[in-house]
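Engineer: Input: one structure, supplied below.
The values are calculated or read from the model by the stated rules, or taken from the named source; none is laboratory data. None of the values given here were measured: they were computed from a predicted structure. Cβ placement follows ideal geometry from the backbone for every residue including glycine, while neighbour counts extend to all protein chains displayed. Surface areas here come from the heavy atoms of the whole protein model, side chains and all, with no ligands, DNA or RNA. Shrake-Rupley method; radii C 1.70, N 1.55, O 1.52, S 1.80 Å.
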Amino acid sequence: MKYVFLDGRKISSPAELHHAFADALDFPEHYGNNLDALHDCLTEQPEPVEVIAVNTALLRERLGRKWKPFLRLMDDLRQDEPDFRFTMEPPENGSSGSLPDGTSYQDANAAAFDRWIEEGWEWGVSITHEAYERAQAGDWSVLLTPTKPVPKEWFGRIKGRKILGLASGGGQQMPVFSALGADCTVLDYSDRQLQSERDVAQREGYEIAIVKADMSRPLPFPDGCFDMIFHPVSNVYVREVKPIWRECFRVLKPGGVLLAGLDNGINYIVDEDEERIVNALPFDPVKNEDQLRQLREQDAGVQFSHTAEEQLGGQLEAGFVLTDLYEDTNGEGRLHELHIPSYYATRAVKPG
């Protein structure tokens with residue numbers, strides 16, 4: 001599958017629309033930059049194509065009179081070409097996740113992560129050289145959730161495996177896997193988290209593929225290219241999680257393993273002191289301005305609750321087989337003191 005992203009914030013004219021298609025799909029130099037030529041090039045693609053349009057109110061305004069003909073072309077291709085998909089995410093009805101000020105929640109979270117790291121956020125502190133050396137010697141542990149180390153038997157052989165750290169920047173887990181001989185790729189949308197990965201890799205002298213991307217969009221990797229995905233608690237910052245599980249299934253090899261840290265929703269129903277139930281579920285600050293206000297007062301980014309149907313059922317719907325799980329707490333606060341779990345971790349396998 002090849003993907004074309006059309007972002008109304010970045011495309012300011014019909015010419016730039018054509019450039020976006022040409023760049024994403026490697027159109028020939030003689031491409032005519034018109035809708036007839038676009039039709040011909042899209043129908044001649046050797047692989048399935050998905051076109052994803054976001055911030056479509058802006059895109060419609062900037063394409064002007066070309067907008068409706070463009071939509072007709074997309075609809076025609078969707079009907080005539082079984083391997084063609086076209087998806088629109090219009091901000092005006094909230095489906096794209098725009099906040100009241102027009103900012104996407106993804107951009108707001110990326111900026112928040114960078115700021116938190118500047119302030120010493122624990123999930124942005126890279127491992128030390130001494131910890132890296134201990135990992136090389138076989139003394140290591142990693143976290144998917146706040147406190148419980150992932151059982152080592154969940155990993156199997158690590159040396160030589162291709163591991164994707166999904167929303168796993170920060171120089172905490174990928175250096176451990178690299179020390180153990182894995183071929184690592186890390187994907188994150190925080191510049192500071194990715195810079196931490198670069199800094200540790202340079203310090204320790206190993207190579208790692210570093211990809212700045214948004215996991216709420218299709219992953220920029222071919223089918224079946226990873227042996228394992230390590231996905232610590234992070235999809236609380238994503239509104240829709242089922243597409244993530246489908247993409248994880250796609251990019252894993254048959255027999256590949258998905259290790260994921262997940263929230264169970266309880267953190268979102270209680271007040272800041274974790275003493276009273278104050279919110280209904282789902283917790284969705286894109287739709288609920290009071291919930292957005294709560295998050296802003298706590299400087300907590302933009303977070304979303306998810307159900308077991310979304311987290312576990314979503315993995316099963318994607319095709320995974322769940323093989324194990326465990327629960328964990330926040331690591332501090334009243335819920336932790338009362339031994340009330342707020343997270344769980346899962347191990348799932350792509351059959352094959």
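Engineer: Work from the charge dipole of the chain (Cβ charges, +1 for Lys and Arg, -1 for Asp and Glu, about the Cα centre) and give the residue of I229, I269, H306 farthest towards its positive end.
Structural biologist: Value: I229.
Engineer: On the protein heavy atoms, probe 1.4 angstrom, tell me the percent of accessible surface of the chain carried by carbon and sulfur.
Structural biologist: Using a 1.4 Å probe with all protein chains present, the chain comes out at 48 percent carbon and sulfur.
Engineer: Can you pull the one-decimal nm distance between simple spin-label points at L316 and R246, each 7 Å off the Cα toward Cβ?
Structural biologist: The modelled label-to-label distance comes out at 1.9 nm.
Engineer: Another question about this same structure. Sum up the charges of everything whose Cβ sits under 11 Å from the Cβ of T145, counting Lys and Arg as +1 and Asp and Glu as -1, but leave T145 out.
Structural biologist: Net of charged neighbours comes to -2.
Engineer: Further question on the same structure: Residues with beta-carbon under 15 Å from that of D191, excluding D191: net charge, scoring Lys, Arg +1 and Asp, Glu -1? List each step's numbers first, then the result.
Structural biologist: Working: positive: R115, R192, R198, K212; negative: D107, D114, E118, D188, E197, D199, D214.
Charge balance in the 15 Å sphere: -3.
Engineer: Counting each DSSP H run of 4 or more residues in the chain as -39500 (n - 2.57), what helix-only mean residue ellipticity at 222 nm follows after dividing by all residues, to the nearest 500 deg cm²/dmol? Working shown, then result.
Structural biologist: Numbers: 12 runs with 113 residues, N = 352.
Here the helix-only value at 222 nm equals -9000 deg cm²/dmol.
Engineer: For L6, what residues show an amide H to amide H distance below 5 Å, using hydrogens built from the backbone and excluding near sequence neighbours?
Structural biologist: Here the answer is I52, A53, V54, since their amide H atoms fall under 5 Å of that of L6.
Engineer: While we're on this one: Taking only the C-alpha atoms, wrap a convex hull around segment 275-352 and report its volume per residue in Å³ as a whole number.
Structural biologist: Taking only Cα atoms, segment 275-352 has a hull volume of 123 Å³ per residue.
Engineer: Take C225 and H19, extend 7 Å from each Cα along the Cα→Cβ direction, and tell me the distance between the two endpoints in nm.
Structural biologist: 2.5
Engineer: Which of A22, Q79, L59 sits closest to the plus end of the dipole of segment 11-81, meaning its Cα is farthest towards the positive end, when Lys and Arg get +1 and Asp and Glu get -1 on the C-beta?
Structural biologist: It is L59.
Engineer: Which entry in [x] 136; [y] 171; [z] 152 is this structure's computed volume of the Cα convex hull per residue in Å³?
Structural biologist: Computing volume of the Cα convex hull per residue in Å³ and matching it to [x] 136; [y] 171; [z] 152 gives [z].
Engineer: In percent, what relative contact order does the chain have, based on Cα pairs under 8 Å that are 6 or more apart in sequence?
Structural biologist: Details: 649 pairs, mean separation 46.2, N = 352.
Answer for the chain is 13 percent.
Engineer: May I ask you to give the solvent-accessible area per residue for the chain, in square angstrom, as obtained with a 1.4 angstrom probe?
Structural biologist: The answer is 48 Å² per residue.
Engineer: How would you rank 129-139, 238-248, 175-185, highest first, on the average number of other Cβ atoms within 10 Å across their residues?
Structural biologist: Ranked by mean Cβ neighbours within 10 Å, highest first: 175-185, 238-248, 129-139.
Engineer: Given Cβ point charges of +1 (Lys, Arg) and -1 (Asp, Glu) and nothing else, what value in debye, to the nearest 20, does the dipole of segment 104-238 about its Cα centre take?
Structural biologist: Computed charge dipole of segment 104-238: roughly 360 debye.
Engineer: Rounded to the nearest 20 debye, what is the charge dipole size of segment 1-152 about its Cα centre when +1 sits on each Lys and Arg Cβ and -1 on each Asp and Glu Cβ?
Structural biologist: About 400 debye.
Engineer: Quote the Stokes-Einstein diffusion coefficient, in whole µm² s⁻¹, for segment 81-216, based on the Kirkwood radius over alpha carbon pairs, a temperature of 20 °C and a viscosity of 1.002 mPa s.
Structural biologist: This corresponds to a translational diffusion coefficient of 129 µm²/s.
Engineer: I need the peptides 255-265, 149-159 ranked by packing, meaning the mean over residues of other C-beta atoms within 10 angstrom, with the highest value on top.
Structural biologist: The most tightly packed comes first, giving 255-265, 149-159.
Engineer: Which FRET efficiency value, to the nearest 0.05, is calculated for R72 and D7 with the Förster distance at 22 angstrom and r the Cβ-Cβ distance?
Structural biologist: The computed FRET efficiency comes out at 0.55.
Engineer: I've got another one for you. Just how large is the dipole of the chain about the Cα centre, in debye to the nearest 20, putting +1 at every Lys and Arg Cβ and -1 at every Asp and Glu Cβ? It would help to have the intermediate numbers written out before the result.
Structural biologist: Values: 36 positive and 59 negative charges, 136 e Å.
Dipole about the Cα centre, nearest 20: 660 debye.
Engineer: Can you compute 3J(HN,Hα) from phi for each residue in segment 305-316, using the Karplus curve 6.51 cos²θ - 1.76 cosθ + 1.60 with θ = phi - 60°, rounded to whole Hz and x for Gly and Pro?
Structural biologist: Coupling constants for segment 305-316: 7, 9, 8, 5, 4, 6, 7, 7, x, x, 5, 5 Hz.
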